[in-house]
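The values are calculated or read from the model by the stated rules, or taken from the named source; none is laboratory data. Please read all numbers here as calculations on a predicted model, not as lab measurements. Glycine also receives a Cβ, built like all others from the backbone with ideal geometry; neighbour counts cover every protein chain displayed.
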Amino acid sequence: MRAHYFQHVPFEGLGSIESWMKSNGFEITSSKFYESVDIPDPQEIDILIILGGPMSVHDEALYPWLAKEKQFVKDVIGLGKSVLGICLGAQIIAQALGAEIVQNSLKEIGWFPIYAVDSSDKSAFTFPHTALVFHWHGETFNLPQSSIRLASSAACSNQAFQFGKSVIGLQFHLETTKESVEAMLSNCGDELIAGTYIQSAQELLSVPQEHYSRINNLMNEVLEYIRPV
């Protein structure tokens, strides 16, 4: 099986997802839009991972490839493929499905809890009642029509959604490693302006290794849920 991922900037990579892909024997291919806008035939992939990035979904004038990416995502979903979007990636999925992307009332940068949202659909993915996860975003998505809200936080009501049985969007990051956080700080550290839900660089880096292990394990659960059969 072939796993393809979209990467928007050099410093936001697969993180722990790469280990899951390799351990499950996927052929791994990528489109790195900061280098090239080459994308595969949507029929030829089995699972698509759309990573984060500092740009907005509304920045097509600055990043013309965004239009091509959004159409590809829409096509892949239409084919019933497995799709996971993280942060910007979740917003791209939501917009491709017709939902609006808006400025969140507060920026959310740091380690803050999310809370599972009960669903009447018992086959939907279920998050733990609460989980401490890593955030770095200023915008958020409205829920696409026919999707299920899976999680929320104190700062952002829509933290995760599911569309059908094989598409999930996460506003937060479960793939994060300590190296990921360090890379974000090196490239986007100027965004750490004091705010209700903005932690300091020291706070971002001071969490114990077990926090990374927990979110990476939760990432694996999400991937297993949407994994193509």
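Points worth noting:
- For segment 118-144, taking the residues that are free of Cβ contacts under 8 Å to residues at least 40 places away in the same chain and more than 21 Å from A96 (Cβ to Cβ), the one that is nearest to the chain's Cα centre (by Cα) is identified as T126.
- Residue in segment 195-214 that is surrounded by the fewest Cβ atoms within 10 Å (Cβ to Cβ), counting only those that are farther than 29 Å from L143 by Cα and hydrophobic (A, V, I, L, M, F, W, C): L205
- Answer from A67, A94, A99 - the residue that is touching a Phe, Trp or Tyr at 6+ places or on another chain (Cβ under 7 Å) and either on the phi > 0 side of the Ramachandran plot or part of a helix (DSSP H, G or I) (or both): A94
- Selection within segment 101-154 - among the acidic types (D, E) and under 25 Å from N220 (Cβ atoms): E108, D118, D121
- Set side by side, the residues G189, G164, G138, G169 differ, and just one is on the phi > 0 side of the Ramachandran plot and either modelled with pLDDT of 95 or more or surrounded by fewer than 20 Cβ atoms within 10 Å (Cβ to Cβ) (or both), which is G164.
- Residues that are surrounded by fewer than 22 Cβ atoms within 10 Å (Cβ to Cβ) and either basic (K, R) or assigned to a helix (DSSP H, G or I) (or both), drawn from segment 73-91: K74, D75, I77, G78, K81
- For segment 192-229, a residue qualifies if it is in contact (Cβ under 8 Å) with a residue 40 or more places away in the chain, assigned to a loop (DSSP other than H, G, I, E, B) and either of a type outside the set (V, I, T) or on the phi > 0 side of the Ramachandran plot (or both), and the qualifying residues are L192, Y197, Q199, R227, P228.
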